[in-house]
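Before any comments, here is the structure.
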Amino acid sequence: MLAEFCLPVDLAQLRKRFKADGVVVLRGFVSQERVNKIRAAAMDAVEKRLPPFELEAELGYPGAPVSISVAGRGTIRRLRSMAGRDPVFAGWAGDAQLLFLISILFDTPQITLTQAHHNSLMSKQPSFSSDTRWHRDVRYWRFARPELISAWLSLGQENSENGGLGFIAGSHQLDFPEDAYDEREFLMADHPQAMPWVARAVFPDLRGGDVVLFDARTFHAASRNRTLQTKYSLVYSYHASSNRPVTGTRSDSLPGLVFNVAEQQLVVPSL
């Protein structure tokens with residue numbers, strides 16, 4: 001089981017479990033009213049096909065259209081640059097309660113949202129969604145330190161049937177040999193060293209308003225959507241402001257959004 005927390009969050013336990021597992025679930029963290037507003041704005045952006053976005057066919061993961069010239073070729077996998085699209089998305093990116101918890105996990109009040117990675121609305125369409133194999137996000141993120149945290153906001157029901165994320169708790173501390181990865185740097189589930197860990201994977205059932213915080217080094221995966229309803233999730237990634245992106249890499253291609261938790265006059269309870 002993954003560690004689950006409800007408001008008010010036990011900060012000492014949150015930090016302890018995140019350090020050990022690299023992933024925690026925050027139940028009912030966002031009100032249904034706010035979820036509905038975010039979801040409505042997200043669906044409107046998808047319907048209008050407002051760029052920038054990424055198509056399933058462009059990645060070619062299992063289950064996706066084989067090219068942009070066949071049926072399903074226009075299926076959107078994700079909308080990018082979400083924090084700057086609409087105040088409702090910016091509001092969640094800078095949510096005081098969320099940033100406070102992330103500052104506790106990073107042990108610093110200076111937090112930056114990277115706009116170069118994630119910062120996305122993830123869409124799992126019923127007919128042409130794809131499988132995402134086991135991976136860790138730092139396989140293509142380049143920062144001085146691999147210490148980043150993603151905040152995954154569920155905008156509706158998420159489970160293994162509609163492509164909900166699964167996580168391998170504790171995998172952020174692992175080092176697998178190079179031959180455990182395929183040519184796209186996905187972990188091969190049948191590799192002898194990977195098999196025992198993949199067997200421990202948990203696919204949590206999420207409801208709208210639940211949030212998952214996970215370390216960028218934590219292995220996660222998702223299947224395609226086998227239901228009749230599209231699944232939407234909003235994901236932002238954060239790092240300590242002192243953890244700079246490597247110059248000249250994709251991670252350095254867009255300026256981050258800097259937040260100072262102390263300036264938001266949040267009182268840090270005793271740990």
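For segment 1-155, what is the per residue volume of the convex hull drawn over the alpha-carbon atoms, in cubic angstrom? Present the calculation step by step, with values, prior to reporting the outcome.
Details: hull volume 21.9 nm³, N = 155.
Once divided by residue count, the hull of segment 1-155 is 141 Å³.
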Amide N of segment 142-175 lying under 19 Å from the label point, which is placed 7 angstrom from the Cα of N36 along Cα→Cβ:
154-158
With a Förster radius of 22 Å, plug the Cβ-Cβ distance of D190 and L59 into 1/(1 + (r/R0)^6) and report the FRET value to the nearest 0.05.
0.50
Run the simple label-point estimate for A262 and R226 please: 7 Å along Cα→C-beta, distance reported in nm.
5.1
How many percent of the accessible area of the chain is carbon or sulfur, using a 1.4 Å probe?
52
Report the extension gain between D182 and V88 in nm, rounded to one decimal, defined as 0.36 nm multiplied by the number of residues separating them, less their alpha carbon distance.
30.0 nm
Counting only heavy atoms of the protein chains, get the accessible area per residue of the chain (1.4 Å probe) and round it to a whole Å² value.
46
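Nearest-5 percent of antiparallel DSSP beta bridges in segment 1-123?
Working: 5 of 8 bridges.
Given both bridge residues lie in segment 1-123, the antiparallel proportion sits at roughly 60 percent.
With viscosity set to 0.692 mPa s and temperature to 37 °C, compute the Stokes-Einstein D of segment 8-51, Rh being the Kirkwood radius across alpha carbon pairs; µm²/s, no decimals. Before the final figure, lay out each step's value.
Numbers: Rh = 13.1 Å.
The calculation lands on 251 µm²/s.
The values are calculated or read from the model by the stated rules, or taken from the named source; none is laboratory data. Because the structure is predicted, anything quoted here is derived from the model rather than measured. Cβ coordinates were reconstructed from backbone atoms using ideal geometry, including for glycine residues, and neighbour counts include every protein chain displayed. Accessible surface is based on the protein model in full, side chains and every heavy atom, while ligands, DNA and RNA are left aside. Shrake-Rupley method; radii C 1.70, N 1.55, O 1.52, S 1.80 Å.
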